[in-house]
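The values are calculated or read from the model by the stated rules, or taken from the named source; none is laboratory data. This one's a predicted model, so the numbers in the text were calculated from it and none came from an experiment. Glycine gets a Cβ as well: all are built from the backbone with ideal geometry, and neighbour counts include every protein chain shown.
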Amino acid sequence: MDLIDAIDRQLDALAAQGLKRQRRTADTACAPHQTVDGRPLLAFCSNDYLGLAAHPAIVAALQEGAALYGAGSGASHLVSGHGRAHAVFEERAAAFMAPHIPNARALYLCTGYMANLAVLSALGSDKDAMIFSEALNHASLIDGARLARAGVTVYGHGDVAMLASQLAASTAATKIVVTDSVFSMDGDLAPLPALLALCEQHGAWLVVDDAHGFGVLGEHGRGALEHFGLHSPHLVYVGTLGKAAGVGGAFIAAHASVVELLVQRARPYIYTTAAPPALAHALLTSLDIIGGDEGKARRAQLARLIAQFDASLPLQRWQRPKSTTPIQPIIIGGNDEAMGASASLHAQGLWVPAIRPPTVPANTARLRVTLSAAHLDTDVARLAAALTSLEGNA
């Protein structure tokens, strides 16, 4: 049993450092008010930013999709698993992003993680390519860069000048700049206009992972590209569909030639079973809501809640980085104190997770508060009061 003993020692070490993770089991649909492990909780931890995960129209569309197409796809897209629902969704997603990407085409994948692996491993498949990766990029982008044959260099968080120097010094035949749009642990935005200008100057691709921006940012919910008013053939856009869109999967939108290259070269797309077509069918309703009047109303409600939270939480000891997005981190510092704060909130019926290294840098453990358009003003007031009291007593 030496092998098991070695594993147990690793687990004990994680626990001793306050780094052991724990799952909770939700008994009800994703919503602000949930039953979790048999107990009612007010949740501030999902990425369901528009409150669409349990939207009746989307649930009905998912049921309709299952009735039309069955429960599974049966094969990979290039064998026999590419269904009509996938094709229609890709056409709709491409049209949705067309104001920002010329000759746009879209590709639907099972998860955002897989989409990022697909983009970087395909675009960076040659040894004479170089990936320029943001220091705070999501793990999926880091892993995608590792899968690529390209070289990888990292530029500092939001450091446009550093990236400019790196691009100017590079002799790579293919240059790929990759960044999150909204950073998942801090809630701040990448300087996309400046990054795109550099990419156009140096003939580089700009890969934007808009996991936390799609549906939330922009007048019509087209995400960070709409928020900043960007339009360029250099853009390769990843929109995640399991967060604000409320369902699952992700799409890549780019010039049609780029997407065709992904179909031919992206191993995470080629060699996996296609997602159930019922999901793609449900996502058509998600797009309708996001781009329509209801989506605008939900984004307006979300903005009001963000402003309310900002105004009602004058912290003294803990730090709260400025964020205008639904991600509202509260940096506490030590792992044990962050875990203790999360446990104290849980005892009061509030579900706010503690995020610790290696997800965030050492000594920056935090509470990651996420807001949803489905929250009420009274929900946000309850959380703010609990946090203020907790910090004062810590």
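Please verify whether residue 196 is under 17 Å from the mean Cα position of the chain (by Cα) and either modelled with pLDDT of 95 or more or surrounded by fewer than 20 Cβ atoms within 10 Å (Cβ to Cβ) (or both), treating the condition exactly as stated. No, not satisfied. Residues that are among the polar types (S, T, N, Q) number at least 1 in the following helices (runs of 4 or more DSSP H) confined to the range 52-130: 56-69, 112-123. Taking (1) at pLDDT 95 or above; (2) in a helix (DSSP H, G or I) in turn, residue 329 satisfies each apart from (2).
Of all residues in the range 14-30, those that are without any contact (Cβ under 8 Å) to a residue 60 or more places away in the chain and β-branched (Val, Ile, Thr) have Cβ atoms under 9 Å from Cβ atoms of residues that are part of a loop (DSSP other than H, G, I, E, B) and surrounded by 11 or more Cβ atoms within 10 Å (Cβ to Cβ), 6 or more apart or on another chain, in 28/54.
Being closer than 28 Å to residue 63 by Cβ, crowded, with 24+ Cβ neighbours inside 10 Å and not polar (S, T, N, Q) is a property that does not hold for residue 291. Scoring residue 359 on the criteria (1) more than 21 Å from residue 50 (Cα to Cα); (2) within 18 Å of the chain's Cα centre (by Cα); (3) crowded, with 19+ Cβ neighbours inside 10 Å leaves a single failure, condition (3).
Listed here are the residues, each with its yes/no results for (1) touching a Pro at 6+ places or on another chain (Cβ under 9 Å); (2) more than 30 Å from residue 359 (Cα to Cα).
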site	(1), (2)
65	yes, yes
76	no, yes
90	no, yes
94	no, yes
117	yes, no
147	yes, no
153	no, no
158	yes, no
166	no, no
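In the set 258, 238, only one residue is out of contact with any Leu (no Cβ under 7 Å at 6 or more places or on another chain) and part of a strand (DSSP E or B); that residue is 238.
Each row is one residue, and each column tells you yes or no for (1) modelled with pLDDT of 95 or more; (2) in contact with a helix residue (DSSP H, G or I) (Cβ under 6 Å, 6 or more places away or on another chain).
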| site | (1), (2) |
| --- | --- |
| 1 | no, no |
| 46 | yes, no |
| 57 | yes, yes |
| 115 | yes, no |
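No other residue among 133, 140, 184 is surrounded by fewer than 24 Cβ atoms within 10 Å (Cβ to Cβ), part of a strand (DSSP E or B) and either assigned by TED's automatic domain parsing to the domain that holds residue 238 or modelled with pLDDT of 95 or more (or both) apart from 133.
Among the candidates 64, 90, which residue alone is touching a His at 6+ places or on another chain (Cβ under 7 Å) and of a type in the set (Asp, Glu)?
64
Tell me the residue from 130, 97 that is over 24 Å from residue 360 (Cβ atoms) and touching a Ser or Thr at 6+ places or on another chain (Cβ under 6 Å), please. Give the derivation first.
Details: 97 fails: touching a Ser or Thr at 6+ places or on another chain (Cβ under 6 Å).
None of the others qualify; the one that does is 130.
Of all positions in the range 145-155, at least one carries a residue that is farther than 19 Å from residue 197 by Cα, part of a helix (DSSP H, G or I), in contact with a strand residue (DSSP E or B) (Cβ under 8 Å, 6 or more places away or on another chain) and of a type in the set (Gly, Ala, Ser).
Within 16 Å of the chain's Cα centre (by Cα) and assigned to a strand (DSSP E or B): is that true of residue 49 in this structure? So residue 49 fails the test.
For the range 305-319, the condition of being within 26 Å of residue 19 (Cα to Cα), part of a helix (DSSP H, G or I) and of a type in the set (D, E, K, R) holds for none of the residues.
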